[in-house]
Amino acid sequence: MAERYQKVVKVSSKLEDAYSICQKVCTNSKMTIKNQNIVPLDSFYILASEKTNWLSTSWPTRIEICGSIHNDKVIIEVTADSSIGSFTQGNANARKLDGIVESIKAYLE
């Protein structure tokens, strides 16, 4: 298994807005949303994955996004990993995580 990378973002938007933006970021990043759930006024969860590219040296990156409310702010934890590792997988996961986090920040900050 390849390395797991994680970043946390704190935003001052509503939980529902953060949830819809995270969905939009995953869709715009050409990822397929595998599972999602929202508990109103409490938390949300999104699991998305890239499609397999058989001509690449890296396996598809999985992105897990968890959002929760803490002190009237929304805390968004984004984790990137993959089920199978390769020599280039760690860099691919880190780049994908950076892109997702920067997109979320651009929409919500």
Original post:
Given the range 1-64, what strands (runs of 3 or more DSSP E) lie entirely inside it while holding 3 or more residues that are more than 15 Å from the chain's Cα centre (by Cα), hydrophobic (A, V, I, L, M, F, W, C) and closer than 20 Å to A92 by Cβ?
Top reply: none
Original post:
Restricting attention to the range 35-59, which residues are in contact with a helix residue (DSSP H, G or I) (Cβ under 9 Å, 6 or more places away or on another chain) and buried (at least 18 other Cβ atoms within 10 Å of the Cβ)?
Top reply: F44, I46, A48, E50, S58, W59
**OP:** Filter the range 63-100 down to residues that are under 16 Å from Y19 (Cβ atoms) and either surrounded by fewer than 20 Cβ atoms within 10 Å (Cβ to Cβ) or polar (S, T, N, Q) (or both), then give me how many there are.
**Re:** 8
Original post:
Does the range 34-48 hold any residues that are at pLDDT below 95 and hydrophobic (A, V, I, L, M, F, W, C), and which are they?
Top reply: I38, V39, L41
**OP:** For the range 1-35, name all the residues that are touching a Leu at 6+ places or on another chain (Cβ under 7 Å) and of a type in the set (S, T, N, Q).
**Re:** S13, N35
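The values are calculated or read from the model by the stated rules, or taken from the named source; none is laboratory data. This one's a predicted model, so the numbers in the text were calculated from it and none came from an experiment. Reconstructed Cβ throughout: ideal geometry from the backbone, glycine too, with neighbour counts over all protein chains shown.
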